[in-house]
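No value in this document is a laboratory result; all are computed from the given coordinates. No experiment lies behind these values; they were computed from the predicted model shown. Cβ coordinates were reconstructed from backbone atoms using ideal geometry, including for glycine residues, and neighbour counts include every protein chain displayed.
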Number of protein chains: 2
Amino acid sequence: MEPPPKSVLARGLSLLDAFGTADTDLTLARLSARTGLPKPTAHRLVAELVAGGWLERTEGGYRLGMKLFVLGQGVPRQRGLREAALPYLEDLYEATHENVHLTVFDPPDTLFLEKVTGRRSTPIVSRVGGRLPAHCTASGKVFLALGPPSYLRDVVDGGLARLTPRTITMPGLLRQDLDRTLERGYGLNREESEPGVVAVAAPVHDHHRRVIAAVSIAGRAHRLDLARLAPAVKTAALSLSREMAARG
Amino acid sequence: MEPPPKSVLARGLSLLDAFGTADTDLTLARLSARTGLPKPTAHRLVAELVAGGWLERTEGGYRLGMKLFVLGQGVPRQRGLREAALPYLEDLYEATHENVHLTVFDPPDTLFLEKVTGRRSTPIVSRVGGRLPAHCTASGKVFLALGPPSYLRDVVDGGLARLTPRTITMPGLLRQDLDRTLERGYGLNREESEPGVVAVAAPVHDHHRRVIAAVSIAGRAHRLDLARLAPAVKTAALSLSREMAARG
DNA sequence: GCGGGCGTTTCACTGAGCGGAACGGTGCCC
DNA sequence: GGGCACCGTTCCGCTCAGTGAAACGCCCGC
């Protein structure tokens, strides 16, 4: 039970926020509990959200409405990147038949904007719209290594969560890994986010060389030769950078 | 300038709704004009939306925030369908290298949930999260032909907009086309939404045979042999139906 | 038949929200 | 360079939208 905000708008939006990644349907009682709003208040606000199409009523609960999906697809920061990136991501997929990602940094996480995958790819946890802590993903290391120092500081201050036995949880070791990332120009993830899964990632720059996204390939440890794949990933990211620059 | 809602929550949300498909950045003044909210009110509400991450400030404007994209990806009605459908859509893409769609009916429109495409595909207007009037899409005809009669009635009552010279705008002709759609078990679009572009669509059912989505292929008129493709599209839709039924 | 969960309705109080008015900055055009 | 138009922003006293404790009817499992 969170301390509820006092403005009506923030309260109403907290009801949308209450839907976590794992939730599909939530009952009024649960929404009330999660947001800390009194039941009658939650009831009134939820009714308004349903009327607007932001939530949908189901038997015995509420779920996020289609309007949110549609609106979300219009978010400029992802839309431009996704549209420009898709052809390049598909090229990488064709060449490897493994999971190809487009990611951005949404501190302190790596946020997955797009995932090109198929039956032959290693099944992994990543999901479009999903997140993983930056310090244990190949993309995240690219952001931390090439971005401003404050990125790394904030991530370290927030604590380096251990997801697998190989996750780097010591700030010193992470810093070393980032130094090598900077030298090489690409980031690696050796079973640090998921056992048996490795990844390579390369940075996408905007027209003033700031890192705005990353392209990565992830798959089973023994199926991917990371050093051999790295140039291809870097090339794809570079082409995308050029295209983003051209688009402004 | 719309008549502004009087509840705070609805007013705040109308600010998000004000971002149309074509807009990326909107100024405060424009937001105020579109929603009909007085400038100071819009200013206050927008500030709250920014604080919550729903909007982002840019130099000289506001844009939709990443939170909306992330939340939108969690919308259950699209998430389950998309995840289950992707492998089948990719199979169709591999076989044809043309635009493969997953759609739902969002009256009075066909709403595109997923689009698998590539460099070799005919470039067409469809976009994930985008819409086209149901009466001029192959998927839409599937929804109108197999769904409850009220679907068709409401669409006809709303008026059959003409998008191309071949768009069916007469209710009687549309009804005939839907009868044939019902017989065949698949819907066709012969340059009715976009000149030179044709499509085939087949229905996806839930565990109680209600139509919940459609799978379609669209491309240049002379490149696609619709009658020959139809069985493949139907098969993919059927497999997806079975999978959706299995998932509950 | 009883208890505990649910969603829903009521209603008198009150402070959150309102928006007209006024302010400072910026860029365009006589 | 001065006037003008439009921008975002701040102020502040009035008031009605929003509040939430209390109570209700319902459905279930015990």
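Quick notes on this structure:
- Considering the stretch B:11-33, and only residues there that are away from DNA strand D (no atom under 14 Å from the Cβ) and part of a helix (DSSP H, G or I), the residue that is surrounded by the fewest Cβ atoms within 10 Å (Cβ to Cβ) turns out to be B:17.
- Residue list for the stretch A:32-47, restricted to those being away from every other protein chain (no Cβ under 14 Å) and more than 8 Å from DNA strand C (Cβ to nearest atom): A:34, A:36, A:38
- Scanning the stretch A:68-88 for residues that are within 7 Å of chain B (Cβ to nearest Cβ) and under 14 Å from residue B:129 (Cα atoms) yields A:68, A:69, A:70, A:71, A:72, A:73, A:74, A:75, A:76, A:78.
- Complete set of residues in the stretch B:55-64 that are facing another protein chain (nearest Cβ under 8 Å) and crowded, with 22+ Cβ neighbours inside 10 Å: B:64
- Residue within the stretch A:71-80 that is among the polar types (S, T, N, Q), free of Cβ contacts under 8 Å to residues at least 60 places away in the same chain and closer than 30 Å to residue A:203 by Cβ present: yes
- Considering residues of the stretch B:16-29 that are in contact (Cβ under 8 Å) with a residue 12 or more places away in the chain and closer than 16 Å to residue B:58 by Cα only, the residue nearest to the other protein chains (Cβ to nearest Cβ): B:24
- Residues (out of contact with any strand residue (DSSP E or B) (no Cβ under 6 Å at 6 or more places or on another chain) and surrounded by fewer than 22 Cβ atoms within 10 Å (Cβ to Cβ)) located in the stretch A:72-86: A:77, A:79, A:80, A:83, A:84, A:86
- Identification of helices (runs of 4 or more DSSP H) wholly contained in the stretch A:101-211 with 3 or more residues that are surrounded by fewer than 23 Cβ atoms within 10 Å (Cβ to Cβ), out of contact with any strand residue (DSSP E or B) (no Cβ under 6 Å at 6 or more places or on another chain) and at negative phi yields A:149-157, A:171-184.
- Residue count for the stretch B:1-15 under the criterion of being within 11 Å of DNA strand C (Cβ to nearest atom) and either free of Cβ contacts under 8 Å to residues at least 12 places away in the same chain or in contact with a Phe, Trp or Tyr (Cβ under 8 Å, 6 or more places away or on another chain) (or both): the result is 5.
- Residues in the stretch A:34-59 that are assigned to a loop (DSSP other than H, G, I, E, B) and under 19 Å from residue B:74 (Cβ atoms) were compared, and the one that is farthest from DNA strand D (Cβ to nearest atom) is A:53.
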